[in-house]
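Structure record follows, encoded as structure tokens.
Here, each number is a calculation from the coordinates, and none is a lab measurement. As the structure is a computational prediction, the values presented were derived from the model and not from experiment. As a convention, Cβ positions derive from the backbone with ideal geometry for all residues, glycine included, and neighbour counts pool all protein chains shown.
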Amino acid sequence: MSKQIIKQFIFSTALLFTSHNALATTPGLWDGAAASPQQSLHVPENELQDGSFEYVSLSPVFFDSNKATLTREGQQALDAASEYLHKHANIRRILVDGHTDAKGGISFNDKLSDRRAKIVRNYLTVKGIDPSLINLAGMGEHQPVDQNWTRDGRQRNRHVSIYAIHWNR
């Protein structure tokens, strides 16, 4: 092995071990339970400056393999997300990022992640969220949140992430 590959391996292993505790305590990431918006990433109000923004990660929506149809759990997560979005009038942008596992081809996964993001946008729109606030991105298999060589890892990678951006003015 070359020295560069060994250095990359050591760095990635160290990164994995240092971030493991933070990831393990993130509600909903490993246990499949949906994290409430209050448990999601949050910037304290007193730390926001005038004109700054708050970036809130809402509960992810998980999908079955090779499908872009909402499950009952996915609908419940979206109902909670739409309730949160309705309660906060200062939301100026909603990011919806579709993801897949690494099964299937890259082209197929890119299209599948686009379809997943669109189905989430459509559901939120039906729930009364302004579609002009929603930005879609299909990430395919390119930004996994977990490993793809285990069934559980692939299951966590088949999701749509929803982020609410609040501007405080």
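Please specify each residue of the range 65-95 satisfying the condition of being farther than 23 Å from LEU112 by Cβ, in contact (Cβ under 8 Å) with a residue 60 or more places away in the chain, of a type in the set (A, V, I, L, M) and assigned to a helix (DSSP H, G or I).
Answer for the range 65-95, where residues must be farther than 23 Å from LEU112 by Cβ, in contact (Cβ under 8 Å) with a residue 60 or more places away in the chain, of a type in the set (A, V, I, L, M) and assigned to a helix (DSSP H, G or I): just LEU85.
Out of VAL126, VAL160, which single residue is loosely packed, with under 14 Cβ neighbours inside 10 Å and either closer than 25 Å to HIS86 by Cα or of a type in the set (Phe, Trp, Tyr) (or both)?
VAL126
Residues checked against (1) surrounded by 14 or more Cβ atoms within 10 Å (Cβ to Cβ); (2) more than 11 Å from ALA164 (Cβ to Cβ); (3) in contact with a Pro (Cβ under 7 Å, 6 or more places away or on another chain):
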site: SER59; (1), (2), (3): yes, yes, no
site: ALA68; (1), (2), (3): yes, yes, no
site: ARG72; (1), (2), (3): no, yes, no
site: GLU83; (1), (2), (3): no, yes, no
site: ARG92; (1), (2), (3): no, no, no
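If you check every pair at least six apart or on different chains, which have Cβ atoms under 9 Å apart with a residue in the range 111-124 that is without any contact (Cβ under 8 Å) to a residue 24 or more places away in the chain first and a residue that is crowded, with 18+ Cβ neighbours inside 10 Å and charged (D, E, K, R) second?
Within 9 Å, no pair qualifies.
Within the range 96-109, track down each residue that is surrounded by fewer than 18 Cβ atoms within 10 Å (Cβ to Cβ) and either assigned to a loop (DSSP other than H, G, I, E, B) or in contact with a strand residue (DSSP E or B) (Cβ under 6 Å, 6 or more places away or on another chain) (or both).
Across the range 96-109, the qualifying residues are ALA102, LYS103, GLY104, GLY105.
Residues in the range 135-169 that are over 19 Å from LYS111 (Cβ atoms) and without any contact (Cβ under 8 Å) to a residue 60 or more places away in the chain: how many?
Result for the range 135-169: 7.
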